[in-house]
Amino acid sequence: MAHVSIIGTGNMGQAIAGLVTKGGNTVEVFGSSDNDKRVTGDIVVLAVPYPAVSDVLAQRGEQLAGKIVVDITNPLNFETFDALVVPADGSATAGIAAALPSSRVVKAFNTNFAGTLVAGTVDGQPTTVLVAGDDPDAKALLTGVVGAAGLRAVDAGSLARARELEAIGFLQITLAAAEKVSWTGGFAVAP
Ligand SMILES: NC(=O)c1ccc[n+]([C@@H]2O[C@H](COP(=O)([O-])OP(=O)(O)OC[C@H]3O[C@@H](n4cnc5c(N)ncnc54)[C@H](OP(=O)(O)O)[C@@H]3O)[C@@H](O)[C@H]2O)c1
């Protein structure tokens, strides 16, 4: 059994918490007023907007040592909706990994709209969570949590692939914002 800590009580924090418990694993969720409470999970999900990640790392970086840290952010420029705010040859996840050298950082969930995590399907296809990271054991534990909830998880490769996952997440958001796909739909991954 895995124990998962989620920082952030918004759409994604709640959706991922539901997924964790659906699969028989345990979860604790922290809001922005819970900064004095320490995380106890083996897996810690950063379910906050990208601009808030630096605050979370500043407050909790030392607590995250030895843990699997899951970056789910889509680091868009929300003023222009026309670019990512991370370097073109990097990713939000790479920056988080550099800031947390004692953690095992993975990218996951950023290509899944919250509603598809709750529903478990995208237009009849199983919701597929793409997971990227350099630590096979970390990816396997997270994949197990997703699979236990009845969703698919696919290993998308090394941490370097986080850049492509962020590009996919970016494109999917622009399509939904333009009403070309719905916020409960988006990309499905055929097996
Ligand atoms: N929504 C989606 O479908 C979706 C899909 C893929 C990825 N994502 C990514 O998932 C992340 C969360 O998105 P969301 O839709 O769940 O956002 P949301 O509904 O706006 O929730 C954001 C949460 O972050 C918390 N928060 C903000 N600053 C914080 C801080 N400094 N310390 C602790 N908590 C803080 C907020 O707490 P307060 O309300 O107390 O401020 C809130 O609980 C984002 O990075 C987003 O890009 C979202």
*Of the numbered conditions (1) part of a helix (DSSP H, G or I); (2) touching a Gly at 6+ places or on another chain (Cβ under 9 Å); (3) free of Cβ contacts under 8 Å to residues at least 60 places away in the same chain, S182 satisfies every one except a single condition; which is it?*
(1)
*Which strands (runs of 3 or more DSSP E) does the stretch 1-106 wholly contain that include 1 or more residues that are under 16 Å from A162 (Cα atoms) and within 13 Å of the ligand (Cβ to nearest atom)?*
43-46, 68-71
*Residue check: is A190 farther than 25 Å from I68 by Cβ, small (G, A, S) and either free of Cβ contacts under 8 Å to residues at least 40 places away in the same chain or surrounded by fewer than 16 Cβ atoms within 10 Å (Cβ to Cβ) (or both)?*
yes
*Quick one: which of D71, D55, D42 is within 21 Å of L171 (Cα to Cα), of a type outside the set (V, I, T) and within 18 Å of the chain's Cα centre (by Cα)?*
D71
*Considering the stretch 120-134 alone, what residues qualify as being aliphatic (A, V, I, L, M) and either surrounded by fewer than 16 Cβ atoms within 10 Å (Cβ to Cβ) or without any contact (Cβ under 8 Å) to a residue 40 or more places away in the chain (or both)?*
V129, V131, A132
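We did not get these values from a lab; they are worked out from the coordinates using the rules stated. The structure displayed is predicted, hence computed values, not measured ones. Cβ coordinates were reconstructed from backbone atoms using ideal geometry, including for glycine residues, and neighbour counts include every protein chain displayed.
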